[in-house]
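Enquirer: Below you will find the structure I want to go over with you.
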Amino acid sequence: MELPVYLFMGFLDAGKTTYISNLMLKSKFTQGKRFLLLVCEEGEIEYDIEALRKKQIEVRTIDSVEELTPERLTALERETGAQRIAIEYNAMWTLKPLAMALPENWYVFQSISVFDTPTFKTYNANMRNLVYEMHTSSSVVVFNRVPAEGDVLPYHKAVRGVNRQADIYYRFTDGKVSQDDIVDPLPFDVNAEVIEIADRDYAIWFADMYDDLDKYEGKTVKFLAWCGTDEECPPDLFMAGRHVMACCADDIQFAWMPCKYSDVEGLRLPGWYSVTGVLDTNDEANGGISVKVTSVLPAKEPTEPVVSVY
């Protein structure tokens, strides 16, 4: 039987335990199903084991990342007769050990990150790789202890810079809870005759395009890119893109698109070019998106060759 996993992430003192307890004890979250709650770190707040047990929720602890194995998790599933899984994950562990440890019949149904607002900026500055991983893998992001008159825009931007799909909630110190409804204006005009992508906006454009392909179908776009080719490229195709850094140097990736052009041999590749062309967002033969190039002009290498999502 396949078991859905509810994954809760966040640093110590973010309020995860309280959030999970309230969710499981004071709502219809469990729907009468037997839950296994795996606790991967010990915080200041403890679970009410007996109260949870009355709701058919069994709590088990995972004391070290070495305990995260398919065999261990399967044994706990059988021991408790679980029909659903909830995991309070240790934020100092990356998600890779968990991904490797999930039994074949377990799948992450929902992932929720909980952050303590007063300490968020410090964590984001000093442990950005961990914050980034939580942001990008979350379907829900919760900011706890937001000052009653606090400005939520910096937290909105931190999430939306890497995840445009997650629901964001703010829990204020006066007891109010609100869902993020900030509309992000794009830094370029998608309805322009030629959509001109500024150097600093490449990562935003690239992410938005893949989130909403239909919006860009048939649009003409102009952007600065590093262009190149390889032995596998057809003679009328070259690659154009930028290296994008999401959180740190270790995660830099080349975000590129195939470009159709009749005179690829006439280009001095690899090199920097200003590319203008028409987007085809239904090009299954070339990975989903391609550019029919109308102009490709030599350009200077930008001051910052690597662009950021922030």
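The values are calculated or read from the model by the stated rules, or taken from the named source; none is laboratory data. The model shown is predicted, which means the values in this text are computed figures rather than measured ones. Neighbour counts run over all protein chains shown; Cβ positions are idealised from the backbone, glycine included. These area figures cover heavy atoms from the full protein model, side chains too; ligands, DNA and RNA do not enter into them. Shrake-Rupley method; radii C 1.70, N 1.55, O 1.52, S 1.80 Å.
Enquirer: Among Gly218, Ile195, Gln179, which residue has its Cα positioned farthest towards the positive end of the charge dipole of region 150-234, with +1 placed on the Cβ of Lys and Arg, -1 on the Cβ of Asp and Glu, and the dipole taken about the Cα centre?
Expert: Gln179
Enquirer: Right, something else. If you put +1 on each Lys and Arg Cβ and -1 on each Asp and Glu Cβ, how big is the dipole of region 128-285 around its Cα centre, in Debye rounded to 20?
Expert: Numbers: 14 positive and 29 negative charges, 140 e Å.
Magnitude of the dipole: close to 680 debye.
Enquirer: What does the C-alpha gyration tensor say about the overall shape of region 199-310? Classify as rounded when a/c is under 1.5, otherwise prolate if a/b is larger than b/c, or oblate.
Expert: Details: a/c = 1.58, a/b = 1.15, b/c = 1.38.
Verdict is oblate for region 199-310.
Enquirer: Here is a follow-up. Please compute the Cα-Cα pair-distance distribution of region 83-222 with 5 Å bins starting at 0, giving whole percents from short to long.
Expert: Going from the shortest bin to the longest, the percentages are 2, 8, 16, 17, 16, 14, 12, 9, 5, 1, 0.
Enquirer: Probe of 1.4 angstrom, ligands and nucleic acids ignored: what's the accessible area per residue over the chain, in square angstrom?
Expert: Details: 16490 Å² over 310 residues.
In whole numbers, the chain has 53 Å² accessible per residue.
Enquirer: Obtain the nm distance between the two label points defined at Asn126 and Glu71 by a simple spin-label model: each point lies 7 Å from its Cα along the Cα-to-C-beta direction.
Expert: Here the answer is 3.8 nm between the modelled labels.
Enquirer: Please list, by residue number, every one of the GluC sites (Glu not before Pro) in region 193-292 that is coil in DSSP and has at most 15 other beta-carbon atoms within 10 Å.
Expert: Values: sites: Glu193, Glu196, Glu217, Glu231, Glu232, Glu265, Glu284; in loops: Glu193, Glu217, Glu231, Glu232.
Those satisfying the criteria are Glu193, Glu217, Glu231, Glu232.
Enquirer: What trypsin sites (Lys or Arg not before Pro) in region 130-183 are in a loop by DSSP, with at most 12 other Cβ atoms within 10 Å of the Cβ? Walk me through the numbers on the way to the answer.
Expert: On the way: sites: Arg145, Lys157, Arg160, Arg164, Arg171, Lys176; in loops: Arg164, Lys176.
Those satisfying the criteria are Lys176.
Enquirer: Further question on the same structure: Out of Leu73, Ala285, Met127, whose Cα points farthest toward the positive end of the dipole of the chain (charges: +1 Lys, Arg; -1 Asp, Glu; placed on Cβ)?
Expert: Leu73
Enquirer: Tell me which lysines have Cα within less than 24 Å of Lys300's Cα, excluding those fewer than 8 residues away on the same chain?
Expert: Reachable lysines: Lys222, Lys260, Lys292.
Enquirer: Going by a ≥ b ≥ c, the root eigenvalues of the Cα gyration tensor, does region 91-174 fall in the rounded group (a/c under 1.5), the prolate group (a/b larger than b/c) or the oblate group? If you can, show how the numbers build up before the last one.
Expert: Working: a/c = 2.20, a/b = 1.80, b/c = 1.22.
Since a/c reaches 1.5 and a/b is larger than b/c, the shape of region 91-174 is classed as prolate.
Enquirer: What order do you get for 3-11, 177-185, 30-38 when each peptide is scored by the mean count of other beta carbon atoms within 10 Å, highest first? All intermediate terms of the calculation are to be shown ahead of the outcome.
Expert: Values: 3-11: 22.0, 177-185: 9.6, 30-38: 17.1.
Result, highest mean Cβ count within 10 Å first: 3-11, 30-38, 177-185.
Enquirer: Under a Cβ-only charge scheme (Lys and Arg +1, Asp and Glu -1), can you give me the dipole magnitude of the chain about the Cα centre, in debye to the nearest 20? Working shown, then result.
Expert: Details: 30 positive and 49 negative charges, 182 e Å.
It works out to roughly 880 debye.
Enquirer: Using a 1.4 angstrom probe on heavy atoms only, work out the carbon and sulfur share of the accessible area of region 143-261 in %. Numbers along the way, then the final one.
Expert: Numbers: 3160 of 6460 Å².
Ligands and nucleic acids excluded, carbon and sulfur give 49 percent.
Enquirer: Related question: Which lysines have a Cα less than 26 Å from the Cα of Lys121, not counting those fewer than 8 places away in the same chain?
Expert: Filter leaves Lys16, Lys96, Lys157, Lys176.
Enquirer: Is the chain best put as rounded, prolate or oblate by its Cα gyration tensor, with a ≥ b ≥ c the root eigenvalues, rounded for a/c under 1.5, and otherwise prolate when a/b is larger than b/c, oblate when not? Walk me through the numbers before you get to the answer.
Expert: On the way: a/c = 2.60, a/b = 1.96, b/c = 1.33.
It comes out prolate by the Cα gyration axes.
Enquirer: Note down the magnitude of the dipole of region 184-225 about its Cα centre, charges +1 on Lys and Arg C-beta and -1 on Asp and Glu C-beta and zero elsewhere, to the nearest 20 debye. Intermediate values should be presented prior to the final figure.
Expert: Numbers: 4 positive and 11 negative charges, 32 e Å.
Magnitude of the dipole: close to 160 debye.
Enquirer: While we're on this one: I'd like the trypsin sites (Lys or Arg not before Pro) in region 218-310 restricted to DSSP loop residues with at most 11 other Cβ atoms within 10 Å, sorted by number.
Expert: On the way: sites: Lys219, Lys222, Arg242, Lys260, Arg268, Lys292, Lys300; in loops: Lys219, Arg268, Lys300.
Those satisfying the criteria are Arg268, Lys300.
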